[in-house]
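Visitor: One structure is given below, represented as C-alpha cells, and several questions about it will come after.
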Amino acid sequence: MSGSRWTWRLVALPGVAWLSVFFLVAFYTVLAVAFGNQDTLSQPVPHWNPLDWNVGYVSEMLDNFWHGGPFWTVSLRTIQFVALAVLLSLLIGYPVAYFTAMHAGRWKGAILLALILPLWINYLMRMLAWINLLAPDGVGSDVLHSVGIEDLFLSIGLLDEPGGWLNGQPVTVILALLYGYIPFFILPLFVAIDRIDRRQIDAARDLGASPASAFFRVTLPLSWAGILAGAVLIALPMFGDYYTADLVSASTQTNMIGNQIDEFMRQGSEKVTGAALTLLLSTFLLALMFYYLRTTRRAGTAAEV
Amino acid sequence: MVQKPTGPGGLPLPRTDNSVTWAITDENKPVKDGGSPEPGPLRVFNYADYIDPATLKKFQKEFSTKVEVATYNSADEAIAKLSSGAVDFDLIMGLSGSNIVDLIAHRLLAPLNHSYLPNLEKNVWAELADPFYDRGSHYTVPYVVWMDGIGWRNDKVKEDIAGMDVPWDIFWQAQAYRGKVGILDDRRDALSMPMQRDAMHKGVRPDLNTEDEDVVNKAQADLSELSGICNPKVAITDYQTLPEGKTVLHHSWSGDVLAAAFYYLPEGTPPDVLSFWGPDENGVVQNDFFCIGKGTKRPVLAHSFINFMLDEKNAYDNFVNFNGYVPPQKGIDADVLLKQDLIPKTLESAVVRPDQFASNQELLQLSVTGQRFWDDAWSKFKAG
Amino acid sequence: MSVLRNPWGKPRFLAVMTGGYIIWSVLPVLIAIGFAFNDGRSRTTWQGFSTRWFTGETGSVLHDPALRDALGHTLLLAVICVAVATPLGVALALGLQRWRGRGSGTVNGLMLLPLVTPEIVMGVALLLLFLQVFGGIGLGTDAQAIGQITFTLSYVVVIVRGRLVSIGPEFEEAAADLGAPRRDQFFRVLLPLLAPAIVASAAVAFATSIDDFVVTQYLSSDASTTTVSMLLYSSARGAPTPALNAIATVNLMITLLTLAFAYLVYRRFAGRDEATAVATLEV
Amino acid sequence: MDGEIHLEELCKKFDDFVAVDGIDLYMPPGEFFTLLGPSGCGKTTTLRMVAGFERPTSGRILLDGSDVARVPPHQRNVNTVFQSYALFPHLDVAKNVAFGLKYHKLSKDERAKRVGEALELVDMTEFARRKADQLSGGQQQRVALARALVLRPRVLLLDEPLGALDAQLRKNLQVELKALQAELGITFVFVTHDQAEALTMSDRIAVMNGGRVEQAASPKAIYEEPDTVFVADFLGVSNLLGAKAMGPDGGACAVQVGDRTLRAQQGATEARGEVKVMIRPERIVVEPHANEGEQRMPGMVERSVYLGGAYEVHIRVLGGELLKAMVPNDGGAFATALEPGAAVSLHLPSDALRVLIQTEPEEPDEDAVSMAAAEAAQPPR
C-alpha cells in the first residue's frame, strides 16, 4: 500500500518509545545498579557508564555460588522444585491435553473452557483456596487423609505429621507450583496435539504400527514442540516465583531464588545485591530461552508463544 | 578513647552509654508556637493494623479533619520508601531506635515544638520522654513499647516454658511441634534470639547490637539448626496464627500476643490458652515513636495528633481495644489490666514494665559494616 | 477407530483422568467462593449461608475501608491501564504490521520480551527505574499503572496484529480504489474491521491488570495503593475472615464478565476460532 | 474516447526482484483487454500500478494522455474488482456499493438512485440489505462489480475476478462479464492466468512472462500466430520441434527436422540457424504408415488417449521427438487401430508449420512452466 515508509514508523513510535524507556532503560538500570556501588546509607549508587562498572557485587555472588554458599543452596533448590513441577505437569497434562484434542468429541468445547478458566482466575486466589483446603481442619486435608495419600506421604517422609501440609513442606510447595502453573502448560500442548493431522496417525497404523508404536513414533514426536513450549512457558515464571513458597510454606527450607531477590529488593536494604541476583537469574533464563529457540528452530517448528 | 563506630552518613550511633542529641539546624526549624491546626487531611504512615480505627475516628471528630493512613509491612520497607523520596507524609509512626540514624541521615524528619506536646512530660515514662537516642526529644516521641519473647498455646505446648532455666531453649527442643513454630521475620530480632540464649547459658550480658562477625555468624548457625529441629516459619503474623492454632510456639513481640488475645481470638477460644514469656533482663525491648515528616504542610495538626495519642485515655483505649502494644504511660500497667479482667494471668508478662524496659536492651542502628554482617547472616539463614 | 489409536488403553482411563484434572483445578476455587458466603468467621467450617462478607455492616467488602479501597484501587489501575495500553498497543500493532524493513524485527522482539520475562525481573527493573531514574514519578499509582501498561501492551499488540494479519491489506486498497482518502481508509474501513480485536485486547488488558500481583506490589507505595491481589497475598498467611474470599470472588466475577463480553463481541465479528485463540492468549 | 491507457517503459522492482521489466503497452479505449500469464509473470503488479496500489520504479502510466504514475489510487478514475472481492464485511450490500459515492458531490436521492441502478445492473437488487459474508461467491463478485461500476470509471480493472468460483459459474460469468463490457463500452483490463478465459472474453490479449510482454494481439492472432515459443506453449497444446532453418524457399522456409526437410510457411520464414518449428495437434494429420512423401514423417504410436470426440495420440518420430496429434473419433477403423507400437506417417502441412526464433534468454521458473503446462492440458474451445 502506498504511504511513506515513515508514516508507519511514526505510528509505532509511541509504543516503541514506551517499551524502550520502561523495559530497556529499566533493565539497564538493573545492570547499572548491579555493577554499581552503595553509599554510606546503603542506598544503591548506579554506575551508568559501563567503563565505570564495579564487578564487586556480582563477582561476590558468583563466588558464593561456586563455593556452595546460600545462593547455591537456593538456586539448586529452585531448579529442583521447577524441574519436578514441570515433570509432574507433563505427566498430568499430557493425558489431559491428549484426551481433549483426540477423544473429547462433543465435549471438546466444554472441556476446553474448563481448561482455560483457571488462566483467568487470580493466581493468589487459587493459592488462597488451597491454603484453606490444606489447613489442618480443611476439607482438602480430610480428603487427602481419607483416601490414604496422607499416609502414603507420611510413610515416604514427604510429610512431617498428619495434617501438616502447611508446615513448611517442600512437597506442598511443589504441588502448589504444579497447581498454579499447569493450565499454562496444558493449553499450548493441547494446541499442538489438536493440530496433528489424524490421517498421519491412520497412515502409521496402516503401515503396520501398533497403537503404542504409532503413538510413540508419530503422535509424541509431533507434539514435542508443544511440550517444549509449555515447559518453557511455565518454567520461566516459576523461576521468578516467590509468593507460592511464601504462601503455602514460609519455611526457610522452601525458599526459592525469587524469595531471596524479594528479600533483598523489597524488604531489606541490600538493593545492590538484589539487583546482582536479578541479573544472574535473568542471564540464566535468557540462556534457557535461547537454547529453547535454537532447539525449536532446528526442529523446524518454531513454536508460537 | 575507643573509636566508636559510626552509622549511615557518618553520623554517631546512639547507645545507652553514648546518648545523642540531634541538632536542630537553621534550614530545618520546628514550627512556631501558637499556631492552630491546619485543615486536613493528615497523611499518616504506619505499620499495618497498628492503630485502632476507633481512635482515629475520635481524632477526626475532635479536630474536624480527615486522617489518611498509609501502611507498610516492615521497617526496612518503610525506610526504603521514605528515603527513595517517592512518598511523603505528615506523620510517621511505628519506626524505632534502630531506624533513627537512617531517618536523620536521610533528612526525613522535621523537629518538634514541645509547646504543642504538653502530654509528653505529663504522661510518658521519664526515661522515654528524654531518650538516649534522641536527647531532648528533638525529633521523636514514643508511641508504644514491647519486648521480644515467646508466645505459645498452653493447650498444645505442655512444657513449662517460663519455668525453664533458659526458656529460649524450647525452640531447640521443639521437635514435637515441627511445622507449627514461628520465628520473627526480622533480621535483628531473629538473630538476637540465639545470642540471648547463649548469654543466658553463660550468665553474661550479651551485646545485642554487636558488630562482631563471629557472634553474628554463630547466631545464624544456631538459628539455621532450627530448620532441622522444628522447621520454623519465618513470619510476623503470630497475632493471627497463634489464636487460630496454625502455630503453637512463636518467637513473638509481646504486643502481638496481647493483640491476639484482645482482637484475633476465634469465637469459642478463651484468651487464657495464650501464654507469653519475656526476659526480665538482657533481652530485647524496643519502642516505636511518632515523628513528623520533613515535608509536612500541616505541622500543627501533626503535633496535635501526637499530643492526642499521648493522652492517657486515648492511649489506653488504643492499647486495649486494638493494638496490644503497651504505651509507655505512667498510668498504665499490668495490674490495672488484670484487675479489669482485660488480660488473663498467662499474659501478664506481655505488659512491659518500666524496670524491665530499663534492664533489657534496645536493638539499635548499626554501622554500615556491622549491618552487612547481620544482613549476610540473615540471607544465609533465609536460604535454608 | 479411535480406540485403536490410543496407547493408554481404553480412552475411559483418559476421560477419568481429564475429569479428575478439571475437578482438581476448579473445585478448590469453587469451594473458596462458597466460603465467601459463610455465615461464620471460619473459612474451613461451613456455618450457614450469608452475604454478610459482601455487604454486611462490618468487615464486608462494601463497608470495610481496606477491602473497599483495595477493590477501588484495583479497578482504577485497570481503567488507566486499558485507557493507555489499548491505543498505544493498537498503534504499535499497526505500525509493526506495515513497517517493513530495517528495525521492525528488533522492535518486534522487544515487544515480545515482556511476555517471557518473569514478573519479578520486571518488578525489580521497574522498581529500580522509579527509584534511580524517575524519582519524580516515584512509587505509587502512577508507577503501578506504568508497570502494568508495559506488559499489557504486548498482549494488545499480539491480539490486534493477529487480526490485522487475517484482515490483510485489500480492504484498505479497496477503499482507496473507491476514492477514500487515507483518513477514511483508516476510520471508515480498517478501524471498524479492527474493532472486535480492539475490544478483545482492551478486555484482556483489563483482566490482566486486575489479576496482576508482582509488578503492582513492587511499585506500590503505601496502603492506598494496595490492590486486591496484594491484599490476598498479605492476608492469606494469617487468619483472615471470609471477606477475603468475598473480595476475591468479586474480583473473579469482574474478570470473567469482562472476558465473556469480549469473547462474545469477538465471536460475533470475527468467528469462533479466532475468538478462542484470543481467549487462550494469556498463554 | 475515454479510457485509453498507455504504459511506457514501466518498471517495478521489489528490492532485488524485478516484477515488471520495462513494458510498453497500449490499451485502446472501450476494449476488453486481458493481461495473461503464469503466476509471477508481473501481470498483477502491472494492474496494481495502473490502479495506484504500487508506485512504479520507473516509467509512465498515461490515462487518457496524462501521467498518473504518482497519483494516489483514490484520485484516479479507475476502479478495481479484487481477486477476493474485498467487500467490507461490516457493511451491507447497499452500503458497500454506496461507499465510493461519498467522494462524489451527489444529492442523497441521486446517490440512492445510482446504487439502485448499479445493483440492478448486476441483478442484486433483492440482496441490498444483506451483509457481505452472507452472500455466495458469485453474488459477492457481482456486488464487487457494482461497487466499482457505480463510480462510472473510465477504466475497470479486474484482478482474476473469477478465480475463486467453480467451473460452471465461471463459464456463465465470463459471458455475462463480456456482455456487460460491451453494454457499458468502458475499458476493462482483465488479469488472468487462464488462457481459455482470456481467449473467450478478450478483444486483445497481452501475454506476459518474466516481467515482460511476449506478445500483444487479438486472441486469434495470439493463438494461431504466436510470436514466441513461450506464447505458443502457453496457449493450448503445441508441438515444438527443434529444427535448423535453411532460409527462404519461395514464400516458405526450409527447415530440417531430423533427417527430413520440411517447408514451413508461417512465422519467421526468413530465419536461418537453430529455430523451433511449431504445429498445433489438430493440424497434424495421422496417416497409415505406407504414406510417404512431401511434408511427411514416419513415427510410432506410444499412447492413445481417448478424449471422447477425438483421440490424442502421442507419436515418437524419427530423431526422438514426441508429437501430439488429434485424430477425430469419426467411427472409422483407423483411429481405433492406433495402439501403442503402431507405425504411422505424420502429415505436417506447410501452412500449419510455424517457425519460431528462440529468443528467451532464460527459461520461466519451474512453477510457471508446470502451471502453463497444466493450463495447456485443456484443449482450446
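Results for (1) within 14 Å of another protein chain (Cβ to nearest Cβ); (2) open to solvent by 10 Å² or more (accessible area, probe 1.4 Å); (3) not small (G, A, S), shown as yes or no for each residue.
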{"position": "B:V273", "(1), (2), (3)": "no, yes, yes"}
{"position": "B:D288", "(1), (2), (3)": "no, no, yes"}
{"position": "B:G293", "(1), (2), (3)": "yes, no, no"}
{"position": "B:K313", "(1), (2), (3)": "no, yes, yes"}
{"position": "B:N318", "(1), (2), (3)": "no, no, yes"}
{"position": "B:L337", "(1), (2), (3)": "no, no, yes"}
{"position": "B:V351", "(1), (2), (3)": "no, no, yes"}
{"position": "B:L364", "(1), (2), (3)": "no, no, yes"}
{"position": "B:A383", "(1), (2), (3)": "yes, no, no"}
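Visitor: Give the residues of the range D:257-280 that are open to solvent by less than 70 Å² (accessible area, probe 1.4 Å) and out of contact with any Ser or Thr (no Cβ under 8 Å at 6 or more places or on another chain), sorted by residue number. Full working, then the answer.
Guide: Quick first cut of the range D:257-280, residues open to solvent by less than 70 Å² (accessible area, probe 1.4 Å) only: D:257-258, D:260, D:262, D:264, D:266-269, D:271, D:273, D:275-280.
Selection gives D:V257, D:G258, D:R260, D:Q266, D:G267, D:A268, D:T269, D:A271, D:G273, D:V275, D:K276, D:V277.
Visitor: For A:R199, indicate whether it is more than 11 Å from every other protein chain (Cβ to nearest Cβ) and either under 28 Å from A:G105 (Cβ atoms) or buried (at least 22 other Cβ atoms within 10 Å of the Cβ) (or both). Let's see the steps before the verdict.
Guide: Numbers: more than 11 Å from every other protein chain (Cβ to nearest Cβ): yes; either under 28 Å from A:G105 (Cβ atoms) or buried (at least 22 other Cβ atoms within 10 Å of the Cβ) (or both): yes.
It is true that A:R199 is more than 11 Å from every other protein chain (Cβ to nearest Cβ) and either under 28 Å from A:G105 (Cβ atoms) or buried (at least 22 other Cβ atoms within 10 Å of the Cβ) (or both).
Visitor: Condition (residue is closer than 20 Å to D:R154 by Cα, free of Cβ contacts under 8 Å to residues at least 12 places away in the same chain and in the same structural domain as D:D166 (by TED's automatic domain parsing)) applied to the range D:51-67: is it met by at least one residue?
Guide: Scanning the range D:51-67, I find at least one residue that is closer than 20 Å to D:R154 by Cα, free of Cβ contacts under 8 Å to residues at least 12 places away in the same chain and in the same structural domain as D:D166 (by TED's automatic domain parsing), so the answer is yes.
Visitor: Which residue, of C:L96, C:L113, is surrounded by fewer than 23 Cβ atoms within 10 Å (Cβ to Cβ) and within 7 Å of chain A (Cβ to nearest Cβ)? Can you show your working first?
Guide: Working: C:L96 fails: surrounded by fewer than 23 Cβ atoms within 10 Å (Cβ to Cβ).
From the options C:L96, C:L113, the qualifying one is C:L113.
Visitor: In addition: Could you please let me know if C:G140 is modelled with pLDDT under 90, open to solvent by less than 10 Å² (accessible area, probe 1.4 Å) and either in contact with a helix residue (DSSP H, G or I) (Cβ under 6 Å, 6 or more places away or on another chain) or within 9 Å of another protein chain (Cβ to nearest Cβ) (or both)? Reasoning before the result, please.
Guide: Details: modelled with pLDDT under 90: yes; open to solvent by less than 10 Å² (accessible area, probe 1.4 Å): yes; either in contact with a helix residue (DSSP H, G or I) (Cβ under 6 Å, 6 or more places away or on another chain) or within 9 Å of another protein chain (Cβ to nearest Cβ) (or both): yes.
When the stated conditions are applied, C:G140 passes them.
Visitor: Follow-up question, since we're still on this one. Using beta carbons and a limit of 7 Å, which pairs, at least six apart or on different chains, have the first residue in the range B:152-168 and outside the structural domain of B:T346 (by TED's automatic domain parsing) and the second one in a loop (DSSP other than H, G, I, E, B)?
Guide: If the second residue must be in a loop (DSSP other than H, G, I, E, B), the pairs left are B:W152/B:V248; B:R153/B:G245; B:R153/B:V248; B:K156/B:V248; B:V157/B:V248.
Visitor: Still on this model: Considering every residue within the range D:103-114, establish whether at least one is of a type in the set (A, V, I, L, M, F, W, C), assigned to a helix (DSSP H, G or I) and within 12 Å of chain C (Cβ to nearest Cβ). Break it down into steps so the answer makes sense when it comes.
Guide: Of the range D:103-114, the ones of a type in the set (A, V, I, L, M, F, W, C) are D:106, D:112.
With the extra rule that they be assigned to a helix (DSSP H, G or I), the set shrinks to D:112.
Cutting the leftovers down to within 12 Å of chain C (Cβ to nearest Cβ) gives us none.
Within the range D:103-114 (the criterion being of a type in the set (A, V, I, L, M, F, W, C), assigned to a helix (DSSP H, G or I) and within 12 Å of chain C (Cβ to nearest Cβ)), the answer is no, since none of the residues qualifies.
So that you can scan it fast, the table gives a plain yes or no per residue for (1) of a type outside the set (G, A, S); (2) more than 30 Å from B:I104 (Cβ to Cβ); (3) within 8 Å of chain C (Cβ to nearest Cβ); (4) surrounded by 14 or more Cβ atoms within 10 Å (Cβ to Cβ):
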{"position": "A:G15", "(1), (2), (3), (4)": "no, yes, yes, yes"}
{"position": "A:V21", "(1), (2), (3), (4)": "yes, yes, no, yes"}
{"position": "A:D39", "(1), (2), (3), (4)": "yes, no, no, no"}
{"position": "A:I79", "(1), (2), (3), (4)": "yes, yes, no, yes"}
{"position": "A:S89", "(1), (2), (3), (4)": "no, yes, no, yes"}
{"position": "A:F99", "(1), (2), (3), (4)": "yes, yes, yes, yes"}
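Visitor: So D:Q195 clears everything in (1) in contact with a helix residue (DSSP H, G or I) (Cβ under 6 Å, 6 or more places away or on another chain); (2) in contact (Cβ under 8 Å) with a residue 24 or more places away in the chain; (3) surrounded by fewer than 24 Cβ atoms within 10 Å (Cβ to Cβ) except one condition, right? Which one?
Guide: Of everything listed in (1) in contact with a helix residue (DSSP H, G or I) (Cβ under 6 Å, 6 or more places away or on another chain); (2) in contact (Cβ under 8 Å) with a residue 24 or more places away in the chain; (3) surrounded by fewer than 24 Cβ atoms within 10 Å (Cβ to Cβ), D:Q195 misses just condition (3).
Visitor: Which one is least open to solvent (accessible area, probe 1.4 Å), of the residues in the range B:222-249 that are within 12 Å of another protein chain (Cβ to nearest Cβ) and in a strand (DSSP E or B)? Walk me through how you get there before you give the answer.
Guide: Kept after step one, since they are within 12 Å of another protein chain (Cβ to nearest Cβ), are these residues of the range B:222-249: B:223-248.
Next, from what is left, pick out any that are in a strand (DSSP E or B): B:233-234.
Details: B:K233: 33, B:V234: 7 Å².
The extreme case among them is B:V234.
Visitor: Are there any pairs with C-beta distances below 6 angstrom linking a residue in the range D:330-345 that is touching a residue at least 40 places away in the same chain (Cβ under 8 Å) to a residue that is of a type in the set (A, V, I, L, M, F, W, C) and open to solvent by less than 60 Å² (accessible area, probe 1.4 Å), with the two at least 6 apart or on different chains, and if so which?
Guide: If the second residue must be of a type in the set (A, V, I, L, M, F, W, C) and open to solvent by less than 60 Å² (accessible area, probe 1.4 Å), the pairs left are D:L338/D:V301; D:L338/D:V313; D:A342/D:V301; D:V344/D:V286.
Visitor: Let me ask another. What do you reckon, is C:L30 open to solvent by 70 Å² or more (accessible area, probe 1.4 Å) and within 24 Å of the chain's Cα centre (by Cα)? Walk me through how you get there before you give the answer.
Guide: On the way: open to solvent by 70 Å² or more (accessible area, probe 1.4 Å): yes; within 24 Å of the chain's Cα centre (by Cα): yes.
It is true that C:L30 is open to solvent by 70 Å² or more (accessible area, probe 1.4 Å) and within 24 Å of the chain's Cα centre (by Cα).
Visitor: I'd like the full set of residues that are in a helix (DSSP H, G or I) and of a type in the set (K, R), limited to the range B:282-315.
Guide: At the first step, the residues of the range B:282-315 found to be in a helix (DSSP H, G or I) are B:299-310, B:312-315.
Passing the criteria: only B:K313.
Visitor: Here is a list of conditions, (1) within 7 Å of another protein chain (Cβ to nearest Cβ); (2) within 30 Å of A:A114 (Cα to Cα), and A:Q260 meets all of them except one; can you say which number that is?
Guide: (2)
Visitor: Considering C:F130, C:F171, C:F134, which residue is part of a helix (DSSP H, G or I) and either closer than 30 Å to A:V82 by Cβ or facing chain A (nearest Cβ under 10 Å) (or both)? Step through it out loud before you land on a result.
Guide: On the way: C:F171 fails: either closer than 30 Å to A:V82 by Cβ or facing chain A (nearest Cβ under 10 Å) (or both); C:F134 fails: part of a helix (DSSP H, G or I).
Exactly one residue qualifies, and that residue is C:F130.
Visitor: Right, another one. Going residue by residue through the range B:188-201, is there one that turns out to be within 13 Å of chain A (Cβ to nearest Cβ) and either surrounded by fewer than 20 Cβ atoms within 10 Å (Cβ to Cβ) or free of Cβ contacts under 8 Å to residues at least 12 places away in the same chain (or both)?
Guide: So far as the range B:188-201 goes, no, none of its residues is within 13 Å of chain A (Cβ to nearest Cβ) and either surrounded by fewer than 20 Cβ atoms within 10 Å (Cβ to Cβ) or free of Cβ contacts under 8 Å to residues at least 12 places away in the same chain (or both).
Visitor: Then there is this: Take the residues in the range C:160-170 that are out of contact with any Leu (no Cβ under 6 Å at 6 or more places or on another chain) and among the hydrophobic types (A, V, I, L, M, F, W, C), then tell me which one is farthest from D:P73 (Cα to Cα).
Guide: By that ranking, first place goes to C:V160.
Visitor: Restricting attention to the range D:8-29, which residues are open to solvent by 20 Å² or more (accessible area, probe 1.4 Å) and under 23 Å from D:T187 (Cα atoms)?
Guide: Pass one, the range D:8-29, residues open to solvent by 20 Å² or more (accessible area, probe 1.4 Å): D:8-9, D:11-18, D:21-22, D:24, D:26, D:29.
If the condition is that a residue be open to solvent by 20 Å² or more (accessible area, probe 1.4 Å) and under 23 Å from D:T187 (Cα atoms), then D:E8, D:E9, D:C11, D:G22, D:D24, D:Y26, D:P29 are the ones that fit.
Visitor: Determine which member of the set D:A164, D:A148, D:A179 is open to solvent by 20 Å² or more (accessible area, probe 1.4 Å), out of contact with any Phe, Trp or Tyr (no Cβ under 7 Å at 6 or more places or on another chain), among the hydrophobic types (A, V, I, L, M, F, W, C) and in a helix (DSSP H, G or I). Full working, then the answer.
Guide: Numbers: D:A164 fails: in a helix (DSSP H, G or I); D:A148 fails: open to solvent by 20 Å² or more (accessible area, probe 1.4 Å).
Step by step, each of D:A164, D:A148, D:A179 is checked, and only D:A179 is open to solvent by 20 Å² or more (accessible area, probe 1.4 Å), out of contact with any Phe, Trp or Tyr (no Cβ under 7 Å at 6 or more places or on another chain), among the hydrophobic types (A, V, I, L, M, F, W, C) and in a helix (DSSP H, G or I).
Visitor: In the range A:217-243, how many are at the interface with another protein chain (Cβ under 7 Å from one of its Cβ atoms) and either part of a helix (DSSP H, G or I) or acidic (D, E) (or both)? Quick ask: steps written out before the conclusion?
Guide: First pass over the range A:217-243, keeping only residues at the interface with another protein chain (Cβ under 7 Å from one of its Cβ atoms): A:233, A:236-237, A:239-240, A:242-243.
Narrowing further to those that are either part of a helix (DSSP H, G or I) or acidic (D, E) (or both): A:233, A:236-237, A:239, A:243.
Count: 5.
Visitor: Of all residues in the range B:207-221, which are under 10 Å from B:N282 (Cα atoms) and either over 20 Å from the mean Cα position of the chain (by Cα) or surrounded by 21 or more Cβ atoms within 10 Å (Cβ to Cβ) (or both)? Step through it out loud before you land on a result.
Guide: Initial filter on the range B:207-221 (under 10 Å from B:N282 (Cα atoms)): B:207-208.
Matches in the range B:207-221: B:L208 only.
Visitor: A further question on this structure: Which of the numbered conditions does A:F284 fail, given that it passes all the others? Conditions: (1) open to solvent by less than 20 Å² (accessible area, probe 1.4 Å); (2) at pLDDT 90 or above.
Guide: (1)
Visitor: While we're looking at this one, here's another question. Regarding the range C:185-194, can at least one residue be identified that is within 30 Å of C:L67 (Cα to Cα), away from chain B (no Cβ under 14 Å), β-branched (V, I, T) and in a helix (DSSP H, G or I)?
Guide: Of the range C:185-194, the ones within 30 Å of C:L67 (Cα to Cα) are none.
Looking for residues that are within 30 Å of C:L67 (Cα to Cα), away from chain B (no Cβ under 14 Å), β-branched (V, I, T) and in a helix (DSSP H, G or I), one finds none in the range C:185-194, hence no.
Visitor: Then there is this: Assess whether A:Y57 counts as being hydroxyl-bearing (S, T, Y) and open to solvent by 20 Å² or more (accessible area, probe 1.4 Å). Quick ask: steps written out before the conclusion?
Guide: Working: hydroxyl-bearing (S, T, Y): yes; open to solvent by 20 Å² or more (accessible area, probe 1.4 Å): yes.
Considered against the rule, which asks whether it is hydroxyl-bearing (S, T, Y) and open to solvent by 20 Å² or more (accessible area, probe 1.4 Å), A:Y57 comes out as yes.
Visitor: Mind counting the residues in the range A:4-48 that are over 28 Å from B:L11 (Cα atoms) and either among the hydrophobic types (A, V, I, L, M, F, W, C) or modelled with pLDDT under 90 (or both)? Give the derivation first.
Guide: First, pick out the residues of the range A:4-48 that are over 28 Å from B:L11 (Cα atoms): A:4-31, A:48.
Going one step further and asking which of them are either among the hydrophobic types (A, V, I, L, M, F, W, C) or modelled with pLDDT under 90 (or both), we end up with A:4-13, A:16-19, A:21-27, A:30-31, A:48.
Selection size over the range A:4-48: 24.
The values are calculated or read from the model by the stated rules, or taken from the named source; none is laboratory data. Just so we're clear, the structure is a prediction, and the values are computed from it rather than from any experiment. Using ideal geometry, Cβ is built from the backbone for each residue, glycine included, and neighbour counts are taken over all protein chains shown. Calculation scope for accessible area: heavy atoms of the full protein, side chains included, ligands and nucleic acids excluded. Shrake-Rupley method; radii C 1.70, N 1.55, O 1.52, S 1.80 Å.
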